[in-house]
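**Q** Can you read through this structure? Questions will come right after.
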Amino acid sequence: MTDLFAKDAFAGKVVLITGASSGIGAGTARAFAAHGAAVMVNGRNEARTRKVAEEITRAGGRAQASVGDVARSAYCDALVAETVRAFGRLDVLFNNAGIVFNAKLDETDDARWQQLIDTNLSGAFYMARAALRPMKAQKSGVVINMSSECALIAYENLAPYSATKAAIAMMTKVMAIDHARDGIRVNAVCPGDVDTPMVETGWQQLKLTREETLARLNAHIPIGRIGQPLDIANAVMFLSSDAASFITGALLSIDGGTTAR
Ligand code: NAP
């Protein structure tokens, strides 16, 4: 894939990414670091979270790991404070952490529902609220929320997950207008299927093999391939850059054309 960004495009910028121990978050952390940003890498799994930060540091970048659960409000406040302490400011929050559960509504018990809401929605809310404090003081900042194509079109077996992602989409728009005059832009990305462990969880829950899943996805996605974490990372970097200085309140589909049908 062609690299459109200068190697120092994000030099001096501080980026906080939740759910960066895996998949899209890890790919985006590596991409920002490769273009000069200092990155705070969050995840729940200690070994995986530290590994991503260490890989970035070993490659010559700046990163620090923070292990914790974004469903806990106090941890989110602490994570933002830790980021500002470590790197001096906060320019970009990528509110990416999330989980999926593939099941019909009446097959989803209270505990699963609560876990989806706590992680996907409350986590993004707690993180955004915490990030607004330093961003308002700086009079600048970018928040990018992780929504999904599931916020835009209906997929079978994903009612509770889709509800969290649709809520994120509207939270994004209202945040965008509320904080535009604070110098803070707020956008959401709406990926289609991206080749990460989350998609693997989905196909296991539906009792499909990787090959069966990829064949289905390749047939379903107009561009004819599943997305890669770098497809999303490139869009997140664009939305974080000054090239997107007039873009706020947008829901950006990154789905190979799926939701255009
Ligand atoms: P993934 O590889 O499973 O990564 C999910 C990340 O979220 C992991 O780093 C995980 O950390 C973290 N996480 C989960 N719960 C957390 C919590 N309570 N606190 C902190 N971190 C938590 O999946 P992915 O595909 O990259 O997903 C990233 C985001 O993209 C999710 O919000 C997902 O809904 C969204 N998305 C994915 C797709 C897709 O097709 N893959 C499409 C649209 C949207 P640990 O493993 O360390 O717990």
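The values are calculated or read from the model by the stated rules, or taken from the named source; none is laboratory data. These figures come from a predicted structure and were not determined experimentally. Glycine also receives a Cβ, built like all others from the backbone with ideal geometry; neighbour counts cover every protein chain displayed. In case anyone asks, the SASA skips ligands and DNA or RNA and just uses the protein heavy atoms, side chains included. Shrake-Rupley method; radii C 1.70, N 1.55, O 1.52, S 1.80 Å.
**Q** Averaged per residue, what accessible area in Å² does the chain show with a 1.4 Å probe, protein chains only?
**A** So the chain comes to 46 Å² accessible per residue, rounded to a whole number.
**Q** Let me ask you something else. Anything over 27 Å Cα to Cα? Flag those among Lys13/Lys173; Lys173/Lys207; Lys139/Lys173; Lys7/Lys165; Lys51/Lys104; Lys136/Lys173, in the order listed.
**A** Lys173/Lys207; Lys7/Lys165; Lys51/Lys104
**Q** Now for a separate question. Order the following by accessible area, largest value first: Arg210, Arg216, Arg185. Probe radius 1.4 Å; ligands, DNA and RNA are ignored.
**A** Descending accessible area places them as Arg216, Arg210, Arg185.
**Q** Within region 121-261, what whole-number % of the accessible surface is contributed by carbon and sulfur, with the 1.4 Å probe and all protein chains included in the calculation?
**A** The computed percentage sits at 58.
**Q** What is the sum of charges, Lys and Arg at +1 and Asp and Glu at -1, for the other residues whose Cβ falls under 14 Å from the Cβ of Trp203?
**A** -3
**Q** Expected output is a single nm value to one decimal: the length gained when fully extending between Ser140 and Arg112, i.e. 0.36 nm times separation in residues minus the C-alpha distance. What is it?
**A** 6.4 nm
**Q** Then there's this: Tell me, in nm to one decimal, what length is gained between Glu46 and Ala78 on full extension, where the rule is 0.36 nm per residue of separation less the Cα-Cα distance?
**A** Here the answer is 9.8 nm.
**Q** Which order do the peptides 222-230, 32-40, 17-25 come out in when sorted by mean C-beta neighbours inside 10 angstrom, highest first?
**A** Most protected by this proxy first, the peptides run 17-25, 32-40, 222-230.
**Q** Quick check for me: using +1 on Lys/Arg Cβ and -1 on Asp/Glu Cβ, what's the dipole size of region 1-79 about its Cα centre, in debye to the nearest 20?
**A** Roughly 100 debye, rounded to the nearest 20.
**Q** Right, next: Measure off 7 Å from each Cα along the Cα-to-Cβ vector at Ile153 and Leu105, then give the distance between these two points in nanometres to one decimal.
**A** With each label placed 7 Å out from Cα toward Cβ, I get 2.2 nm.
**Q** Can I ask one more? How are the alpha carbon pair distances in the chain distributed across 10 Å bins from zero to the largest one, expressed in percent?
**A** 7, 32, 38, 19, 3, 0
**Q** If you don't mind, another one. With unit charges on the beta carbons (Lys and Arg positive, Asp and Glu negative) and the dipole taken about the Cα centre of the chain, which residue among Ala74, Gly123, Ala233 sits farthest to the positive side?
**A** Ala74
**Q** A follow-up question, please. How large is the translational diffusion coefficient of region 124-259 in µm² per second when you combine the Kirkwood radius over alpha carbon pairs with Stokes-Einstein at 10 °C and 1.306 mPa s?
**A** Translational D for this selection: 100 µm²/s.
**Q** Could I ask something else about it? Considering only C-alpha atoms, what is the centroid distance from region 53-79 to region 194-219, in Å?
**A** Here the answer is 28 Å between Cα centres.
**Q** Of all trypsin sites (Lys or Arg not before Pro) in region 75-151, which ones are in loop regions per DSSP and have a Cβ with at most 13 other Cβ atoms within 10 Å?
**A** Lys104, Lys139
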